[in-house]
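*Asks:* Can you read through this structure? Questions will come right after.
The values are calculated or read from the model by the stated rules, or taken from the named source; none is laboratory data. None of these values were measured; they are calculated from a predicted model. So basically every Cβ, Gly included, is an ideal-geometry build from the backbone, and we count neighbours across all protein chains shown. Side chains are part of the model used for accessible areas, which takes the heavy atoms of the whole protein and leaves out ligands, DNA and RNA. Shrake-Rupley method; radii C 1.70, N 1.55, O 1.52, S 1.80 Å.
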Amino acid sequence: MSLDPAVTNPEHYKVVFENERVRVLEYTDQPGERTTPHEHPDSVMYTLSSFRRRLVSGDDEREVELAEGSVSWLPAQRHHGENIGDTATHVLFVELKDAVAGSGMPEATASELGPQPS
């Protein structure tokens, strides 16, 4: 079973660019919408709109709030999320293809969930 977000959640994730080194995903959702479990390799995340969401990985969860224009590192992880804010989410992910991907993706701990400060 693929945990590629463009496959598991095509209504939210769209591939907008891909080559042999990177893949760029555009993510959008509305308040109250959720994703199913999926994986991200090491990525850079650029927020095009401010948002607030809950991310869950295994037994760990974390609420994340980011301002429009934020750029963050997202370490490889498996999670699912929910828009718990009052605004739509619009984000670009630049996924690095040199990172490990596939069924061996580790569950993230609460401190690792979501984007990390630079």
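*Asks:* Given the criterion out of contact with any Asp or Glu (no Cβ under 8 Å at 6 or more places or on another chain) and either open to solvent by 70 Å² or more (accessible area, probe 1.4 Å) or at pLDDT 95 or above (or both), identify the matching residue among Glu20, Glu95, Glu107.
*Replies:* On the way: Glu95 fails: out of contact with any Asp or Glu (no Cβ under 8 Å at 6 or more places or on another chain); Glu107 fails: out of contact with any Asp or Glu (no Cβ under 8 Å at 6 or more places or on another chain).
Of Glu20, Glu95, Glu107, the one residue that is out of contact with any Asp or Glu (no Cβ under 8 Å at 6 or more places or on another chain) and either open to solvent by 70 Å² or more (accessible area, probe 1.4 Å) or at pLDDT 95 or above (or both) is Glu20.
*Asks:* Moving to a separate point now. Looking at Glu82, Glu61, which one is open to solvent by 60 Å² or more (accessible area, probe 1.4 Å) and either closer than 21 Å to Lys97 by Cα or touching a Lys or Arg at 6+ places or on another chain (Cβ under 9 Å) (or both)?
*Replies:* Being open to solvent by 60 Å² or more (accessible area, probe 1.4 Å) and either closer than 21 Å to Lys97 by Cα or touching a Lys or Arg at 6+ places or on another chain (Cβ under 9 Å) (or both) holds for just one of Glu82, Glu61, which is Glu61.
*Asks:* Within the range 14-34, identify whether any single residue is of a type outside the set (Lys, Arg) and closer than 18 Å to Thr109 by Cβ, and answer yes or no.
*Replies:* Checked against the condition, which is being of a type outside the set (Lys, Arg) and closer than 18 Å to Thr109 by Cβ, the range 14-34 yields no hits at all.
*Asks:* Here's something else I'd like to know. Scan the range 49-58 for residues that are within 23 Å of Glu39 (Cβ to Cβ) and either under 14 Å from the mean Cα position of the chain (by Cα) or open to solvent by less than 30 Å² (accessible area, probe 1.4 Å) (or both) and jot them down.
*Replies:* Correct list: Phe51, Arg52, Arg53, Arg54, Leu55, Val56, Ser57.
*Asks:* What are the residues in the range 23-43 that are surrounded by fewer than 17 Cβ atoms within 10 Å (Cβ to Cβ) and either touching a helix residue (DSSP H, G or I) at 6+ places or on another chain (Cβ under 9 Å) or within 16 Å of Pro75 (Cα to Cα) (or both), if any?
*Replies:* Thr36, Pro37, listed by residue number.
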